[in-house]
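Take a look at the structure set out below.
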């Protein structure tokens, strides 16, 4: 688990992808404080040990049915210009330069998009 920031500020509404060199990928979703926990399987959190490519996708989720209905009419909120620019660099497995070597369980990863 950990936190995603951009210019020192937490980044909510991101899917965090960890793709190992070999094996099953993991993913997590950032909350309003930019915190995430990786899901390995339905019943297990975490990621495989070893090197991982890390990338991010902006995916806002409605907080309730009213907000979901509003978004159906107007569309979900768009990423800020600053976040959109960061996602040009970190927004796909082929583009992202970010790699991490997972050797043990960590609960305070600091992933910076700047």
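The values are calculated or read from the model by the stated rules, or taken from the named source; none is laboratory data. From a predicted model like this one, the values you see are computed outputs, not experimental measurements. As a convention, Cβ positions derive from the backbone with ideal geometry for all residues, glycine included, and neighbour counts pool all protein chains shown.
Quick notes on this one:
- First in the range 35-62 and on the phi > 0 side of the Ramachandran plot, second anywhere and in a strand (DSSP E or B) and surrounded by 15 or more Cβ atoms within 10 Å (Cβ to Cβ), Cβ under 9 Å, 6 or more apart: 46/26; 46/39; 46/40; 46/102; 50/20; 50/102
- Residue list for the range 14-54, filter: assigned to a loop (DSSP other than H, G, I, E, B) and surrounded by 19 or more Cβ atoms within 10 Å (Cβ to Cβ): 30, 34, 38, 47
- Sole exception among (1) at pLDDT below 95; (2) out of contact with any strand residue (DSSP E or B) (no Cβ under 6 Å at 6 or more places or on another chain); (3) surrounded by 14 or more Cβ atoms within 10 Å (Cβ to Cβ); (4) not in a loop (DSSP other than H, G, I, E, B) for residue 76, by number: (4)
- Condition met for residue 62 (surrounded by 13 or more Cβ atoms within 10 Å (Cβ to Cβ), touching a strand residue (DSSP E or B) at 6+ places or on another chain (Cβ under 8 Å) and assigned to a loop (DSSP other than H, G, I, E, B)): no
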